[in-house]
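Participant: Got a structure for you, written out below as structure tokens; questions coming shortly.
Read-outs throughout are calculated quantities, based only on the coordinates presented, and are distinct from any laboratory measurement. Bear in mind that the values here come from a model prediction, so they are computed numbers and not experimental data. Positions of Cβ are backbone-derived with ideal geometry, glycine not excepted, and every protein chain shown enters the neighbour counts.
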Amino acid sequence: MVGLRRGLPRLPKRAVDTWPVQFTSQADDYAAIWLQGALFTLFTLGLGLPWARLRCRRHLLAHTQLGGQALDDHASPWAMLMRQLLVMGLLLGGGLAAADKPWAGLAGLTIAALSWPTLWLAAVSHRVNRLSWGRRPLAWQGRLAEAWRAAAAPLGWSLGGAWLAAGWLALGHPVSVIWGVGAVSWGLLGLLLVPEGVWRLARLRQSGARLGPLRLRWQARRGEVRRACLSQVVQAAWLGVVLAGIALVIVAAAQAGSTTWGRPVSVMAGVAAALIWALVTGWQWQARLYRLVWDQTGNRSLRFRCTLSSRAMLGEHLLLACLVVGTGGIYWPWAQHRAWAVRARATSLRSRVALHSVMRHWPARQARVEVVRERVAG
């Protein structure tokens, strides 16, 4: 039986307990914590960002309850700071090298990108292994070789595309059938490699987690991820065409009305269209992936369920974006709080094992300390 340790009793046949996730935080309380963290980050020139992020995250987790037990994050901000400085150093070194010699900069950024699987594995392990539910520690196990196998296909495709684009620019933007066919072929290859990488990374992240005596599994199939990625690409292309058409209409109207303001309006319209496309596409993919990941996570004893559709989540994100932009960014912490609350309240846990049985086989941190003390005293 997958994920079930011997001695953990099940509920009677066809009996299922449903535990909805409860979120009890107040938006004003979170906004106050966020503002304090923003000021602290500003005064420390960005070095205090891990402490600010951890405090905000701990507040959200402490008010997220499942079965009456709250979550908590015991991560170390020093480890987060080291990863932050490492990433900034790699990007800064690649950027400085690119300013002097473009090919050297591209090589430096390639080396930095190749370290991404290691950084991803460290980040996931550090985050999950520091989480607790009712003071009961979660566990996550993943190997670097598995992370490399999962990320090899999309990472290689992305770096290969960057080098091909750099070669095309270095050759003076040649326009030929060979380059056109090559670009289309490379794009089609990405439709095969990127979904595979997404599926492998999501499986590694979800299947490596343990909830005490229970081990989680991610049960989504490759076909589901491929369909999700293909739908995302089609919708992103359609949105890009619509926004490009609107931007061209605005540019044509501005140039026809005034030659002085034609160029600034063209730049602003292009930047606005690109920003809207990036935000909407990112939010849409986040909503689609969130539903796909958590609705397929579980085992034969328990299963997560998410009732929030990708369309509803995208609409919520668009509303929050309008509120943030309309208030000049002031609404940002309230938007973060509302987005977390919407996702949390749409998630529930369906269990075929009694919750008290899981808790009895899953000792809390304090209980483990007491057991160690008794052994030492004995």
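Participant: Need one number: the % of Cα-Cα pairs in region 117-245 sitting beyond the 23 Å mark.
Facilitator: Here the long-distance tail beyond 23 Å is 51 percent of all Cα pairs in region 117-245.
Participant: Pick from 306, 322, 56: which residue has the top mean-square fluctuation in a GNM of the chain where Cα pairs under 10 Å get a spring?
Facilitator: Looking only at 306, 322, 56, the largest GNM fluctuation is found for 322.
Participant: Something else now. Pulled fully out, how much extra length does the chain show between residue 175 and residue 348, if you take 0.36 nm times their separation in residues and subtract their Cα-Cα distance?
Facilitator: 56.9 nm
Participant: Would you mind computing, in nm to one decimal, how far apart the modelled labels at residue 183 and residue 141 are, each placed 7 Å from Cα along Cα→Cβ?
Facilitator: 4.8
Participant: For residue 35 and residue 327 in the same chain, what is the full-extension length gain: residue separation times 0.36 nm, less their Cα-Cα distance, in nm?
Facilitator: 103.6 nm is the gain from fully extending residue 35 to residue 327.
Participant: On to the next question. For residue 43 and residue 159 in one chain, what is 0.36 nm times their gap in residues minus the Cα-Cα distance, to one decimal in nm?
Facilitator: My answer for the length gained is 38.1 nm.
Participant: Which of 210, 227, 136 ends up with the largest GNM mean-square fluctuation for the chain, with Cα atoms connected below 10 Å?
Facilitator: Per the Cα network of the chain with a 10 Å cutoff, 227 tops the list.
Participant: Let me ask something else about it. For the pair residue 168 and residue 118, how long in nm is the line joining their label points, each one 7 Å along Cα→Cβ?
Facilitator: For residue 168 paired with residue 118, the spin-label model returns 3.2 nm.
Participant: What list of ³J(HN,Hα) values in whole Hz, one per residue of region 309-317 in order, does the Karplus curve 6.51 cos²θ - 1.76 cosθ + 1.60 (θ = phi - 60°) give from phi, with Gly and Pro shown as x?
Facilitator: Using θ = phi - 60°, the values come out as 6, 5, 5, 5, 5, 5, x, 5, 5 Hz.
Participant: A follow-up question, please. If the label point is 7 Å along Cα→Cβ of residue 359, which residues in region 51-79 have backbone nitrogen under 15 Å from it?
Facilitator: 65-71
Participant: Let me have the 222 nm mean residue ellipticity of the chain computed from DSSP H runs of 4+ only, each contributing -39500 (n - 2.57), with the sum over all residues rounded to the nearest 500.
Facilitator: Result for the chain: -23500 deg cm²/dmol, rounded to the nearest 500.
Participant: Still on this structure: How high is the FRET efficiency between residue 311 and residue 14 when r is their beta carbon distance and R₀ equals 30 Å, given to the nearest 0.05?
Facilitator: The formula returns an efficiency of 0.40 here.
Participant: Work out from phi, with θ = phi - 60° and the Karplus expression 6.51 cos²θ - 1.76 cosθ + 1.60, the ³J(HN,Hα) of each residue of region 347-364, listed in order in whole Hz, and give x for Gly and Pro.
Facilitator: Karplus values, whole Hz, x for Gly and Pro: 10, 9, 10, 9, 10, 9, 10, 4, 4, 5, 5, 4, 5, 5, 8, 10, x, 6.
Participant: Sticking with this one: Looking at the chain, what % of the alpha carbon pairs are farther apart than 31 Å?
Facilitator: Here the long-distance tail beyond 31 Å is 50 percent of all Cα pairs in the chain.
Participant: What is the magnitude of the charge dipole of the chain about its Cα centre, with +1 placed on the Cβ of each Lys and Arg, -1 on the Cβ of each Asp and Glu, and no other charges, expressed in debye to the nearest 20?
Facilitator: 2160
Participant: Looking only at region 264-287, which residues have a backbone nitrogen under 18 Å from a spot 7 Å from the Cα of residue 319 in the C-beta direction?
Facilitator: 280, 283-284, 287
Participant: Highest GNM mean-square fluctuation, the chain, Cα pairs closer than 10 Å: which of 143, 345, 226?
Facilitator: Highest fluctuation of the listed residues: 143.
Participant: For region 257-327, build the charge dipole from Cβ charges (+1 Lys, Arg; -1 Asp, Glu) around the Cα centre, then report which of 286, 313, 301 sits farthest towards its positive end.
Facilitator: Highest projection toward the positive end goes to 301.
Participant: If I model a spin label at residue 81 and residue 191 as a point 7 Å from the Cα along the Cα→Cβ vector, what separation in nanometres do I get?
Facilitator: Output for this residue pair reads 4.8 nm.
Participant: For region 176-184, just list the computed ³J(HN,Hα) in residue order, Karplus coefficients 6.51, -1.76 and 1.60, θ = phi - 60°, integers in Hz, with x standing in for Gly and Pro.
Facilitator: So the Karplus estimates, Gly and Pro as x, are 8, 5, 4, 5, x, 5, x, 5, 5 Hz.
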